[in-house]
Amino acid sequence: MLPPPVCITLAHLPQEIGGLFTRAFGPDGAGSGRPDGRQWIAELDALASRLMICSGNKAHLFFNGLSSCPWCLIESSGVLLFVDYTIVDTSTGFSIEPVWSRILGVPSPGAGNAPSLLTYLSVAKEFGQAARAAEARVRGLQHAWLCEASGEEFNAKRDELRALTEEYRKLPE
Ligand SMILES: [Zn+2]
């Protein structure tokens, strides 16, 4: 059975914890004896001393054996996991994390498909000068379409909001 696409897996935990999970819930667990409470406490205490705080979001704590924060990856998909631990401006009730999560949840419209008008023009070649002028105009319109409907404006706005969110997070409380 495969885990859901965006979630914490045993790969995000120390091997010892993964081993306890496998022994407790794997097919061999029932036969050979599951780990007891003391073993869990020992390994969870060991993990607690190996947690690090995410540089992007101080509500994120993760195993220091990982190269990057797994919670950031999950929340970048638009799922907000740490809503209760976000910083809220008590005078306005504003909290950046739910807002940023909703921003990330807005899908990009992507690039629009330019309508192809050149095929219609090819039948009009016999009209010489007028056809060439019309073709030049169509090429200009297609160029304008590609510039204005590329989806890059969306990405640029999202990058701008990401930078502002990071700036907001670094403000003193
Ligand atoms: Zn993080």
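One table, with the values for the structure above:
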| read-out | value |
| --- | --- |
| Positions within the range 33-59 being among the aliphatic types (A, V, I, L, M), surrounded by 15 or more Cβ atoms within 10 Å (Cβ to Cβ) and within 13 Å of the ligand (Cβ to nearest atom), in sequence order | A59 |
| Close pairs (6 angstrom Cβ cut-off, 6 or more residues apart or separate chains): of a type outside the set (A, V, I, L, M, F, W, C) in the range 41-56, away from the ligand (no atom under 16 Å from the Cβ) anywhere | E43/E16; E43/I17; E43/L20 |
| Subset tally (residues that are outside any helix (DSSP H, G or I), of a type outside the set (F, W, Y) and within 32 Å of the chain's Cα centre (by Cα)) for the range 23-73 | 20 |
| Those helices (runs of 4 or more DSSP H) lying entirely in the range 112-173 with at least 3 residues modelled with pLDDT under 80 and of a type in the set (S, T, Y) | 118-122 |
| So S77, is it within 16 Å of the ligand (Cβ to nearest atom), within 30 Å of R50 (Cβ to Cβ) and modelled with pLDDT of 80 or more | yes |
| Matching entry among P98, P14 (being touching a helix residue (DSSP H, G or I) at 6+ places or on another chain (Cβ under 7 Å), surrounded by 15 or more Cβ atoms within 10 Å (Cβ to Cβ) and not hydroxyl-bearing (S, T, Y)) | P14 |
| Those residues of the range 60-74 which are over 22 Å from P5 (Cα atoms) and within 8 Å of the ligand (Cβ to nearest atom), in sequence order | none |
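The values are calculated or read from the model by the stated rules, or taken from the named source; none is laboratory data. What you see is a predicted model, and the numbers here were worked out from it, not measured in a lab. Glycine also receives a Cβ, built like all others from the backbone with ideal geometry; neighbour counts cover every protein chain displayed.
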